[in-house]
Structures are given as C-alpha cells and as structure tokens.
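Student: Take a look at this one; I'll ask things after.
Values quoted throughout were computed directly from the atomic coordinates according to the rules given, and no laboratory measurement underlies them. For clarity, every value in this text was computed on a predicted model and none was experimentally measured. Cβ placement follows ideal geometry from the backbone for every residue including glycine, while neighbour counts extend to all protein chains displayed.
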C-alpha cells in the first residue's frame, strides 16, 4: 500500500505522457477524418461563432463604417435604455403571452390527436386522417399567412362566420383582441398533425404485454390509457416540452412579421420583431443587438432550467 | 408491431366492447373527421376561390363549396407574371444547389460524430450542439453576412444555413446504427475514411439521406426570411429573389405591379392571390403523397435522439 502511494504521481505522469502520445498517434493515423471535418468547422465558425463574437457591439456604439472598435465602448448603456424604455414591459408581456398561449393550447393537441388516432380501429381511416392532417405542415409561411389574411380579412369566410355570432368589426387582424387566437389557431392548423407523428411513433413501440397485463387486472380502455399509454410516452412528451421551452423567447417572428400591422402593435409586437424593426429598418445596430442578446440569454437560461428540472424529477433530459 | 397485436385482439370476435367503449369509438371518429375536414377545407376554399369570378367572390364573404361562376382569368395573369417564373427558377436553383451542399456537409459532419474513440469528439459535439441553444441573434448575423461580402449575392442563401444541426443529429444516429465490423474490416483492408464514407456508409444510409434531401429541399422551397433580409430589393436583388419573396409582394403587400401592371389586375386582385397560392403550392402538395412515408420516417429517427 505504502509503496504504491509513493509512486502514484510518477506513474500518473508517465501514463499521461503515453496517453498524449497515443492520442497524437490516433490523430495522425486518422488525419483524413479531421480534414473532412474542416469545412464543417469553418461553417460553424463563420456562420455561428463569428456572429456570437459580433454580439460585443451590444456594449458599444457601433458604427458600420469603422467596424468593431473598442473606443466606442459604452458598457451596459443600451441594456439600461431598453429596460427603462417605454416598450420593454409591453414587449416582454406580448412575447410571454403569445408563447404561453401557443404552448398551453398548442402543445397538448398533438398528443391528444395521437392518442385518438391510436384508438381508431379502422386502419384505412387512420391512414386518411394522418395523411390529411400532415399536409398543412408543407405550406410555406408566406402562403400560410396569406391564407390567414384572406380568411380573416374584411371579406373572409372566417370573418363571415364570426358575424353569425354578432361580430361586426370587419378585418379580424385589425382588432387586437383576436391576435392571439388567430396566431394559435393557425399554428394548430399547420402543426398539430405533423406534431402528432412523434407521439404516434412512441405509441407503436409500447410493449403489448403491458396492455395484456392491464386487461387481466380488469382495466378498461380508459384505465389502460391512464396507467399504461400515458406513462409509456411520457419521456417523449418531456423531451418535446423541453425543446418547446427553448423556443419561448424566439417564438414566431417570421409569422408575426407577415401578419401584424401597426394598428395592433400594442398586443402583437414581440421582442424579436422589435429587434428587426430597430436593427434593420432603423439601423440602430448596437441597441437592437443588445435587445436580441437579452432575448437569447433568457432563452438559453430557460432551456437549462427546464432541462435541469426534468433531469431531477423524471430522469429525462436533452443532455 | 405492438399496436398491430392489439388491433388484432380487438377485432377478434371474442372480445366484446363495453357500451362506453363503443360510444367512445363513435365520438372518436366524429372528432377526428371534423378535425380532418378543418385541415382540408382551407385548401379546398383556395382552389374554388381561384376559379371563381372576382366580382362574385367580392360580394360573397361566406364559405364556399363550389366556385362562384367560372373564370380562369386569374390564372392567365399568374402565368403571364414574369416575376413568378423568375422566382420559380431561382427557388429551383436554391433547392437543388443548396440541398446538394447541405447533404455533403451533413455527411462529413455526421461521419466524424459517429466514429468511436476519435480524439476531440466530445469537444466537437459540444461545439456543434451549443449552436442549437444559443446564437448571436438577427443583427450580428446580418452584419456578419455583410462582413463576409455575401450580402445581396446568391451565395448567402446557399451558405448561411449550409448545415442544420437537427438534421445532422438524424444523420449521425443513422450512421451510428451501422455495424462497426463492416467499417473495421474495410479499414483493415486499407480503405481510407473517404472510401468508407462514400462506398460503405452512404449506400447503407440511403433511406436516411433521402429523408434529409426532402427536409432540406422543403426548407429551401419554403424559406423566405433569409432572402428577405440578406437580399436587396433593388434591380440586382430582384433577379435573385426566390419565389417566396415574390409571393410576399403579391400576397401580403398586395403589390400587383408584378402582374404586368394591367389595370384590371387590381380589380381581380383577390382571385389572383388565390391562383398564386395554388401555382406556388401545387408542386409540393403533388409530391407529398408519394413522399409521405419518408417524411414521417425522419421524424421518428429524429425522435430517438442520439
């Protein structure tokens, strides 16, 4: 024992040395594979990590003609301006409202849809339902938003349908009250069918013996669903939920940009559309980068928190 | 498989359904039928509206089952709108070349990440995955494109998303699933990494590659935002704009100058919009039934995270 203790550090050193030598040998032997990786590294550096460095202009008064210049350093000024500015509260509230509405209503529907499709006895009907409900996923964002604008416009059939219930306001998109419902419902139309695929896949991989055992115990279909089906697809649900949490702050600026109008900015303007207008239309590069950075950081924190909670409570996690 | 067993048991005459289960079955069919119809109807409406007569359509806001009158005038405008066909040509270029670049890059990255015991694998995995959760944001991205002199060039649409990390994970999962003994014995026979990737792994992962070709292709077809911010709206930019940008002008901004600027174009703007939607969406929706199984397969591979 004593002898071992004395020689342990020396041994470790020798081992480390040979480890390095061995690693180097493996790299040299496989140098082709590292050459193959070069374009990939170059891509990530140029198009992902370089912009991450570019975030530094959030702390400067960036001037496009001079480029990144540390003499323009202003510290946290832009963040202060944003947090104390007129729009901060409204933007944060709108972003969170839209996100949570989409999450709360949009997240469970694909799961319910998958469970219902799974209960169908007719294979043929199930195929038809699946094929048709997946289809809207392939409609482009521009076309989807064009369809929404037509249908809820002054002359649209959804507006006409609403007027059966006494609505008389014309274009629904001109009325802030309908912004979130329009956004959420069109999301469901486009995404619910496609979103159910992943749960259907999880459902088909459930061991049928579990159902047999439940039946022997006298469980009816409903009890089987509660005690066998849902627990079996829970890991999939949790992974999907964490991934959705990762999109909370980044929610739908493409769709919002195509659907909103100045008249409903007070409910429809979200942080990312504000970044677009301040940055690309008003050319306030530093300020809008600061706003965007706030958004990215909050989002990143949310993913980490969601992942940690899930890891602790359910042992399911992204990493 | 498990589901099949269950279905067989259920349909066996011995198993009697309780009253509650039968009622649920009927309700289930009704609910799913309604949802399916709700998914289908907007498409149907666009089709019948595009063939309707514009003045009739304008005075009839209610839902339609059949065209109001019959007119193909809107389609004549769309087919005579040069911008749409320029956009079509550009989009096809971005889809074909962009997807080729995407697949090449994805294969290279997935090959490295699916090898065992290569030094640096953990580092590069984190290096790549981190970009899924954090990004510089819209403005630094935009300034970066200008800095790289890619602004208002075709290259920007081909390169700025040369690789999708999500699709890379799908590819890596597929490559990791291939028996090591195959690649190891090829190694012993003196095959290099390039040979192993192109001669062994690519043929064996054909199905997954097909899925990714579809994913990347559809993404290029539908993408509008990068072209919106990275291409100028000047004469030079207009020659490079993909179809979705032209669509945005016609459908969202109701800018009918593209449609030959004819006077009555404004009068039938509504039906022109519907016809434009049909002309731009039909290629994907026509391909869809044949390719559906590949699309869904990709979701399932992606769900089994690597």
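Student: Taking Cα pairs under 8 Å and at least six residues apart, what relative contact order does chain A come out at, in percent?
Tutor: The value is 23 percent.
Student: Over all distinct Cα pairs, what is the inverse of the mean 1/r for segment A:6-134, reported as the Kirkwood hydrodynamic radius in Å?
Tutor: One over the average 1/r among Cα pairs gives 22.6 Å for segment A:6-134.
Student: Oh, and also: Across the Cα atoms of the protein assembly as shown, what radius of gyration and what greatest pairwise Cα-Cα distance (Dmax) are found, in Å?
Tutor: Reported Rg and Dmax, both Å: 27.4, 100.
Student: Based on other C-beta atoms within 10 Å, arrange B:194, B:171, B:138 from fewest to most. Please list the in-between numbers first.
Tutor: Working: B:194 14, B:171 27, B:138 23.
Result, fewest neighbours first: B:194, B:138, B:171.
Student: On to the next question. Can you put A:204, B:183 in order, fewest other beta carbons within 10 Å first?
Tutor: Exposure proxy ranking, most exposed first: A:204, B:183.
Student: With r as the distance between the Cβ atoms of residue A:86 and residue A:220 and R0 = 60 Å, compute the FRET efficiency 1/(1 + (r/R0)^6) and round to 0.05. Kindly include the intermediate steps, with their values, before the conclusion.
Tutor: Values: r = 58 Å, r/R0 = 0.97.
So, using R0 = 60 Å, E works out to roughly 0.55.
Student: Turning to a different aspect of this structure: Normalising by the residue count of chain B, find the relative contact order in percent from Cα pairs under 8 Å and 6+ residues apart.
Tutor: 30
Student: Something else about it: With r defined as the distance between the Cβ atoms of residue A:209 and residue B:22 and R0 fixed at 25 Å, what FRET efficiency is calculated, to the nearest 0.05?
Tutor: Here the calculated transfer efficiency is 0.45.
Student: Using a basic spin-label model with each label point 7 Å from the Cα along Cα→Cβ, how many nm lie between residue B:234 and residue A:305?
Tutor: 4.6
Student: Relative contact order for segment A:21-80 using alpha-carbon pairs under 8 Å, separation at least 6, rounded to a whole percent?
Tutor: Reported as a whole number, the value is 22 percent.
Student: Same structure again: In peptide A:30-38, what is the residue-averaged number of other protein chain Cβ atoms found within 10 Å of each Cβ?
Tutor: Counting Cβ atoms of other protein chains within 10 Å of each residue's Cβ and averaging gives 6.
Student: What residue among B:35, B:43, B:27 has the largest mean-square fluctuation in a Gaussian network model of chain B, using Cα springs under 10 Å?
Tutor: Ranking B:35, B:43, B:27 by mean-square fluctuation puts B:27 first.
Student: Please work out, to two decimal places, the log10 of the ratio I(q)/I(0) at q = 0.11, 0.13, 0.16, 0.19 Å⁻¹ from a Debye calculation in which every Cα of segment B:1-160 carries one identical scatterer.
Tutor: -0.98, -0.99, -1.02, -1.21
Student: How would you rank B:274, A:274, going from fewest to most other Cβ atoms within 10 Å of each one's own Cβ?
Tutor: A:274, B:274
Student: A follow-up question, please. If each of residue B:294 and residue A:123 carries a label point 7 Å out from its Cα toward its Cβ, how far apart are those two points in nm?
Tutor: Distance between label points: 2.4 nm.
Student: Once both labels are modelled 7 Å past Cα along the beta-carbon direction, what's the residue A:93-residue B:63 spacing in nm?
Tutor: Distance between label points: 3.5 nm.
Student: For segment A:275-303 and segment A:115-130, write down the distance between their C-alpha centroids in whole Å.
Tutor: 44
Student: Right, something else. Calculate for chain A the 222 nm mean residue ellipticity that helices alone would give, adding -39,500 (n - 2.57) per DSSP H run of length 4 or more and normalising by residue count, nearest 500 deg cm²/dmol.
Tutor: -21500 deg cm²/dmol
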